[in-house]
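The values are calculated or read from the model by the stated rules, or taken from the named source; none is laboratory data. All figures in this text were calculated on a predicted structure; none of them were measured in a lab. No Cβ is skipped: glycine too gets one built from the backbone with ideal geometry, and neighbour counts run over all protein chains shown. Just the protein is used for accessible areas: all its heavy atoms, side chains included, with ligands, DNA and RNA removed. Shrake-Rupley method; radii C 1.70, N 1.55, O 1.52, S 1.80 Å.
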Amino acid sequence: MASLEKLQVGTVVSNKMDKTVVVRIDRYKRHRLYGKTLRETRRYKAHDEKNECHLGDIVRISETRPLSREKRWRVVEIITRGDVAEVAPREIGAHIIEETRAAAAAESAARAAAPEAPAGAGDAHDAAPGEEAAAAGEDGA
């Protein structure tokens with residue numbers, strides 16, 4: 001005789017709670033009018049007695065009696081271990097931000113150390129197109 005319990009396979013997306021993991025289960029279905037394949041995502045809180053699950057793990061969960069207000073599933077087995085790095089995004093790009101700030105500080109220091117050009121000795125490429133004609137007209141008159 002077959003078991004009457006429901007089994008689902010999903011991915012662990014959070015394990016920050018004690019003895020609880022959040023499992024994402026994706027279900028694909030077709031739109032009835034347009035035929036586009038849509039992904040429906042459900043998130044279940046599942047009981048993990050030994051805190052064995054990590055982010056990205058593929059797990060099999062089974063329906064059980066209510067264990068808390070939102071927990072009605074338990075982890076039966078870990079099918080595969082996930083390879084998700086547990087690094088905050090702000091830590092990933094921190095060195096890039098520091099390098100950018102250092103380069104900007106060096107550029108501003110170099111700009112401050114460079115000698116300033118006299119105010120009257122502006123080049124033609126510094127002036128706007130309309131100012132070139134006006135400057136040429138003033139010199140000729």
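Yes/no per residue for (1) loosely packed, with under 14 Cβ neighbours inside 10 Å; (2) at positive phi; (3) over 26 Å from the mean Cα position of the chain (by Cα); (4) in contact (Cβ under 8 Å) with a residue 40 or more places away in the chain:
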| residue | (1), (2), (3), (4) |
| --- | --- |
| Val13 | no, no, no, yes |
| Thr20 | no, no, no, yes |
| Ile25 | no, no, no, no |
| Lys50 | yes, no, yes, no |
| Arg60 | no, no, yes, yes |
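Checked across the range 84-104, the condition of being in contact (Cβ under 8 Å) with a residue 60 or more places away in the chain and either loosely packed, with under 15 Cβ neighbours inside 10 Å or of a type in the set (Ser, Thr, Tyr) (or both) holds for no residue. Residues that are without any contact (Cβ under 8 Å) to a residue 60 or more places away in the chain, surrounded by 15 or more Cβ atoms within 10 Å (Cβ to Cβ) and within 21 Å of Ile79 (Cα to Cα) do not occur anywhere in the range 27-41.
In the set (1) open to solvent by 70 Å² or more (accessible area, probe 1.4 Å); (2) in contact (Cβ under 8 Å) with a residue 60 or more places away in the chain, Gln8 fails one condition alone, (1).
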